[in-house]
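Trainee: My questions all concern the structure below.
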Amino acid sequence: MRRILILCLSVVSLVACEADEPVDHSAATPISLNVPGKFPKVVIPADNPLTAEGVALGRRVYYDRNLNTKDKGRACGDCHQQKTGFASANEQGQLAIMPHANLAYDQYFLWNGSKEGSLEDVMVFEIRDFFEADLDYANGNEEYRHLAKLAFGHEEISYKTLGYALAQFSRTQLSGNSKFDKFNRGEGTLTEQEKRGYDLFFTEDADCFHCHSTVLFRDGDFHNIGLDATFHAGNAGRFLVTGDSVDIGKFKTPSLRNVAVTAPYMHDNRFATLEEVVDFYSDQVNFTEFTDPLMNHEGGINMTAAQKEDLIAFLKTLTDEEYLENEDFSNPFNSPTTDR
Amino acid sequence: MKNLLFALPILVFLMACGSDDKVENPSLKINMLHTVDGAKLKMDAMLYANDLGEQFSVTKVNYYLSELELVKANGELVKIDSMWYISLNPQNMEATINLQSLPLGDYQQINFIFGLTDKWNDQSLVPVDQLQAMIWPENMGGGLHFMKLEGRFSLPEAEALNGYNTHMGNLKMGDMDLDHFFKAEVPAAGLSVGQGLTEVNLEMDLLKWYTHGSTHYSLTEFQAIMNKPEKQAILMENGQNIWSFSIKGE
């Protein structure tokens, strides 16, 4: 109920803030999503169909350093960097920069899930509240007006225009061609060590799959995995959104796609390496009244050194080089044909 | 959304054979109630104890039922071939199964499959959020979990908390090929379907999953049991005796 209430409130606030321009997609070029094999269906909202011009506009917004009025000179793509899974390292103790891949399936966004709804909702939030994007700049830029006219049927650019374009771009960011995926589709093999790691991951021996679930490697839910034994505003997580004590210390399960390149790890960047992460799950879990039952007991699942190596070898098969190098997701301003 | 029952197949069924007249439509609402040792379930609280002196809480109750049958007083079967997903969360403990366009008359028993028969044990039948919650990994046979029952517990005289996670599902691994769904038959005294809505309660006592006659099982034995056939077999037996039926308001 509470969740529905929050959703309603955010919908109301969106409606209140955006004077809707008439939207017309007829001049835009429809494109279809290339959903990787064995992935669930992607639902595309009727009011934001995927078009070449919408995606191009979104990609531009993602990388344009001139839009951000709050943190001048910084684009989405400066924190969310492609070569590191659309994440990057920030300071330990700060909220970690979350990677972007397969967000098309998400319903909750940010570490504590405070943004709930569609990609459109979170992207309008990012561009309006997080960036306070410079609409004068966008409206004074011919390329923006041109793309907006084609994509949405109007030249006037609002937060909604930019947010919807970002949502389209983000929906195309699908990562599903790692070594694991090829194995999973029967197109490739894993080494014996990787296969042992796979079996640890996908059984209750290491029990990772219950939360890092499906081919998305996340469950759309929040968990307290026992990183800490005591809680305060800084690590209360989802509790700060719901006010419900069952949510103390819970954070959004991050996807493990491309995890080998997204260090540091956890919501506060506390672990620098996958070795540290696996040591934590094996031996350092704090089992408090808030810890998820899947963590079993104080300490954790107790893996041998060899098992830890196997598990890490498997985690490394989740790196999708094609995704990290795909030009469609790269910075358009770096390409010689696009001037700023 | 999670706690909505998976209603699509039943809707299709209804459209195929339902009448448009809502008032006249003989329908049955089954409220799925959950108790621990007879007391109404309150999630996430260390309120409960078993006969071995272990204190415990319940943090997650998700399960599937499929292929329900209503047995008429004369023994005739009314079959509703579908699947239902029950997922409790502490904010909303309501869970119902709604059946419509039923034949009028007196019934004596409700039968159903706890878990999913092969035809319903199919990952492509459920929406993404349900799949994420219930997927059963390929290397143990694929399909879906039939049940996730989880919580925390402490051993007698001990402070330390542990987790139990009692998960059921078919196990196909190595040379094991084992079905772990089972049929439950619950006497339904006084059930009579007339015009309009009839409301009944079907209650599951969670403690009884761990009880067989005078045998009480420790929660330590029901941690990480997905690939333990002997534990699945115990649950399949105990699971016959955890249900009770009542007419709502009586």
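Trainee: Which numbered condition in (1) out of contact with any His (no Cβ under 9 Å at 6 or more places or on another chain); (2) at the interface with chain A (Cβ under 10 Å from one of its Cβ atoms); (3) without any contact (Cβ under 8 Å) to a residue 60 or more places away in the chain is the only one that B:Ile135 fails?
Mentor: Tallying (1) out of contact with any His (no Cβ under 9 Å at 6 or more places or on another chain); (2) at the interface with chain A (Cβ under 10 Å from one of its Cβ atoms); (3) without any contact (Cβ under 8 Å) to a residue 60 or more places away in the chain, B:Ile135 fails exactly one: (1).
Trainee: Now, a different point. Collect the residues in segment A:227-246 that are in contact with a Phe, Trp or Tyr (Cβ under 8 Å, 6 or more places away or on another chain), among the small types (Gly, Ala, Ser) and within 14 Å of chain B (Cβ to nearest Cβ), keeping them in residue-number order.
Mentor: A:Ser245
Trainee: Continuing with this model, one more query. Evaluate the following for B:Pro187: is it assigned to a loop (DSSP other than H, G, I, E, B), surrounded by fewer than 19 Cβ atoms within 10 Å (Cβ to Cβ) and more than 9 Å from chain A (Cβ to nearest Cβ)? Break it down stepwise before answering.
Mentor: On the way: assigned to a loop (DSSP other than H, G, I, E, B): no; surrounded by fewer than 19 Cβ atoms within 10 Å (Cβ to Cβ): yes; more than 9 Å from chain A (Cβ to nearest Cβ): yes.
No: the conditions fail for B:Pro187.
Trainee: Using the structure shown, decide if B:Leu235 is open to solvent by less than 20 Å² (accessible area, probe 1.4 Å), among the aliphatic types (A, V, I, L, M) and more than 30 Å from B:Pro103 (Cα to Cα).
Mentor: The answer is yes for B:Leu235.
Trainee: Quick check on segment B:57-65. Is at least one of its residues farther than 22 Å from B:Phe146 by Cβ, within 14 Å of another protein chain (Cβ to nearest Cβ) and open to solvent by 20 Å² or more (accessible area, probe 1.4 Å)?
Mentor: no
Trainee: When you scan segment A:26-43, how many residues do you find that are under 17 Å from the mean Cα position of the chain (by Cα) and open to solvent by 60 Å² or more (accessible area, probe 1.4 Å)?
Mentor: 1
Trainee: Answer with yes or no whether B:Leu161 is under 22 Å from A:Pro293 (Cα atoms) and buried (at least 19 other Cβ atoms within 10 Å of the Cβ). Steps first, answer last, please.
Mentor: On the way: under 22 Å from A:Pro293 (Cα atoms): yes; buried (at least 19 other Cβ atoms within 10 Å of the Cβ): yes.
Yes; evaluated as a whole, the condition is true for this residue.
Trainee: I've got another one for you. For segment A:170-226, which residues satisfy the criterion of being more than 21 Å from the chain's Cα centre (by Cα) and among the polar types (S, T, N, Q)? Walk me through it before giving the result.
Mentor: Of the residues in segment A:170-226, the ones more than 21 Å from the chain's Cα centre (by Cα) are A:182-207, A:226.
Correct list: A:Asn184, A:Thr189, A:Thr191, A:Gln193, A:Thr203.
Trainee: Could you grab the pairs with beta carbons closer than 7 Å, sequence gap of 6+ or different chains, first residue in segment A:260-280 and of a type in the set (Asp, Glu), second one crowded, with 16+ Cβ neighbours inside 10 Å?
Mentor: Qualifying pairs under 7 Å: A:Asp268/A:Ala96; A:Glu275/A:Ile312.
Trainee: Sort out which residues of segment B:198-232 are surrounded by fewer than 16 Cβ atoms within 10 Å (Cβ to Cβ) and either touching a Ser or Thr at 6+ places or on another chain (Cβ under 6 Å) or closer than 30 Å to B:Asn98 by Cβ (or both), and write them in order of number.
Mentor: Hit for segment B:198-232 is B:Glu199, nothing else.
Trainee: Just for helices (runs of 4 or more DSSP H) wholly inside segment A:155-226: which have at least 2 residues that are open to solvent by less than 10 Å² (accessible area, probe 1.4 Å) and within 14 Å of another protein chain (Cβ to nearest Cβ)?
Mentor: Details: elements: A:159-172, A:179-184, A:192-201.
Filter on segment A:155-226 gives A:179-184, A:192-201.
Trainee: Filter segment B:83-126 down to the residues that are within 10 Å of chain A (Cβ to nearest Cβ) and without any contact (Cβ under 8 Å) to a residue 60 or more places away in the chain, then identify the one that is farthest from B:Met226 (Cα to Cα).
Mentor: Among those residues, the one meeting the criterion is B:Gln91.
Trainee: Restricting the search to segment B:157-216, which residues are over 25 Å from B:Asn31 (Cα atoms) and small (Gly, Ala, Ser)?
Mentor: Correct list: B:Ala158, B:Ala160, B:Gly163, B:Gly174, B:Gly213, B:Ser214.
Trainee: Among the residues of segment A:247-256, are any away from chain B (no Cβ under 13 Å), part of a loop (DSSP other than H, G, I, E, B), open to solvent by 20 Å² or more (accessible area, probe 1.4 Å) and within 30 Å of A:Lys115 (Cα to Cα)?
Mentor: Yes; the residues of segment A:247-256 include at least one that is away from chain B (no Cβ under 13 Å), part of a loop (DSSP other than H, G, I, E, B), open to solvent by 20 Å² or more (accessible area, probe 1.4 Å) and within 30 Å of A:Lys115 (Cα to Cα).
Trainee: Right, another one. What tally of residues in segment B:157-180 results from selecting those that are charged (D, E, K, R) and in a loop (DSSP other than H, G, I, E, B)? Can you show your working first?
Mentor: Let us first name the residues in segment B:157-180 that are charged (D, E, K, R), namely B:157, B:159, B:172, B:175, B:177, B:179.
Those still in the list that are in a loop (DSSP other than H, G, I, E, B) too: B:157, B:159, B:175, B:179.
The qualifying residues number 4.
Trainee: Return the residues of segment A:97-112 that are part of a loop (DSSP other than H, G, I, E, B), of a type outside the set (D, E, K, R), under 15 Å from A:Phe222 (Cα atoms) and within 13 Å of another protein chain (Cβ to nearest Cβ); say none if nothing qualifies.
Mentor: A:Gln107
Trainee: So which pairs qualify, if the first residue must be in segment B:147-168 and more than 10 Å from chain A (Cβ to nearest Cβ), the second must be buried (at least 22 other Cβ atoms within 10 Å of the Cβ) and modelled with pLDDT under 95, the Cβ gap must be under 6 Å, and the two must be at least 6 apart or on different chains?
Mentor: Hits for this filter: zero, empty list.
Trainee: Sticking with this structure for a sec: Given the conditions (1) touching a residue at least 12 places away in the same chain (Cβ under 8 Å); (2) open to solvent by 40 Å² or more (accessible area, probe 1.4 Å); (3) closer than 30 Å to A:Leu274 by Cβ; (4) not polar (S, T, N, Q), which single one is not true for A:Glu132?
Mentor: (3)
The values are calculated or read from the model by the stated rules, or taken from the named source; none is laboratory data. Quantities reported herein were computed from a predicted structural model and do not represent experimental measurements. In this analysis, Cβ positions are derived from the backbone assuming ideal geometry, glycine residues included, and neighbour counts consider all displayed protein chains. Surface accessibility is based on the protein's heavy atoms, side chains included, excluding ligands, DNA and RNA. Shrake-Rupley method; radii C 1.70, N 1.55, O 1.52, S 1.80 Å.
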